[in-house]
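FYI, it's all coordinate maths here, none of it is from the lab. Treat the numbers as computed from the prediction; the structure is a model and nothing was measured. All Cβ positions, glycine included, derive from the backbone under ideal geometry; neighbour counts span all protein chains shown.
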Amino acid sequence: MSDLGWDTAVEVYLARLATERGLAPNSLDSYSRDLAGFSRFCIERDIPPRALDAPALLDYLERLAERGLSPSSQRRHLASVRGLVRELLERKVLEQDPTAAIKLRPPSRPLPHTLGVKQIEALIEAIDGSSARGLRDRAMLELAYGSGLRVSELVNLRLSALNLEAGLLVVFGKGSKERLVPFGDRARRALEAYLERGRPQLLKRRQSNVLFVARAGRAMTRQAFFKNLKNRAIGVPGLDQVHPHALRHSFATHLLLGGADLRSVQEMLGHSDISTTQIYTHLTRTHLRRVHRTFHPRATLDKLRD
């Protein structure tokens, strides 16, 4: 197999992806395009599969950068090549993995979109609390923002998870991990109103163990909650592009701005790794810099000139 050519190597690898991993046609086309470009690169430089090494791969990545490909696109191309290299290693065409020493810098994570306190208050106040659905949606928004729940956690809450007196929820997050999450007085009042007047009207004498009920006492879907949120946000300034996860982001950011410690926020969000929670510290630092530039008399040259 040492004389295996690039065309054959790519063909064999793609066939394996199709049969063993059952990749969709679109995914196979993506792999095919990436590897066709890589094999052309190697053929132009007279680099057979058995001679592939790290310097050649670095040259290839530099070529991608010169073509203007974004870091995320470069990572995708490298992932395609890594798969092909594993195939070559299994077939004994290569003795060592030339991709092992190649590290691309991790992609920059976009800062999550958060809402201001006044925006959230305006969103909740815009909901008509005189109807059963309005009471339900108010309680859901108060709890989503007041406890930082994921949408999937919110819509799947059971009645037994709620302890109104203690102001606590038992939440089952990712990986079915259980955690206790507190909620405040405003969420408690909204929940009490919903449980007393809204939920019985929605159930119409049916029985259900779901906290926030939709049709026939079933749990609301994530898509339905998103649609409800979009409809509720109509007419509220600055909320044209509101997303359910913005409530969770706002919960974490506002806690940190208020002085909460990172570990406590991590626990309430249900993050297994604190590095996931640390992205919110970037938001708070951005806020602090903005406050400093706005209000400190020596923050900018313009203010000094004044």
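Figures for the structure shown
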item: Within the range 12-38: backbone nitrogen closer than 16 Å to the I102 label point (7 Å, Cα to C-beta); result: 31-38
item: Cα shape, the range 70-175, gyration tensor, a/c 1.5 rule; result: prolate
item: Chain lengthening between R76 and T286 when straightened (0.36 nm per residue, less Cα-Cα); result: 72.5 nm
item: On Cα atoms only, tilt of 222-233 relative to the major axis of the chain in degrees; result: 60 degrees
item: Helical mean residue ellipticity (222 nm; -39500 (n - 2.57) per DSSP H run of 4+; nearest 500) of the chain; result: -16500 deg cm²/dmol
item: Using alpha-carbon coordinates, inclination of helix 25-44 to the longest axis of the chain, degrees; result: 40 degrees
item: Greater than 30 Å apart at Cα, pairs in K174/K227; K177/K204; K174/K230; K204/K230; result: K177/K204
item: Relative packing of 84-92, 21-29, which averages over residues the other C-beta atoms within 10 Å, highest first; result: 84-92, 21-29
item: Most fluctuating residue given options S208, S147, S176, as computed from a GNM of the chain linking Cα atoms under 10 Å; result: S176
item: V117 versus R133: modelled label distance in nm, points set 7 Å from Cα along the beta carbon direction; result: 3.2 nm
item: Check: the range 6-90 dipole with +1 on Lys, Arg Cβ and -1 on Asp, Glu Cβ, in debye; result: 260 debye
item: Cα gyration tensor shape for the range 139-264, rounded if a/c is under 1.5, else prolate or oblate; result: oblate
item: Read-out mean projected area of the Cα convex hull in nm², derived from the coordinates shown; its label in [x] 18.0; [y] 16.0; [z] 23.7; result: [z]
item: The range 18-125 shape via C-alpha gyration tensor axes, a/c threshold 1.5; result: prolate
item: Estimated FRET transfer efficiency when R0 is 25 angstrom, pair D46-A15 (beta carbons, to 0.05); result: 0.45
item: K177 versus H271: modelled label distance in nm, points set 7 Å from Cα along the beta carbon direction; result: 1.1 nm
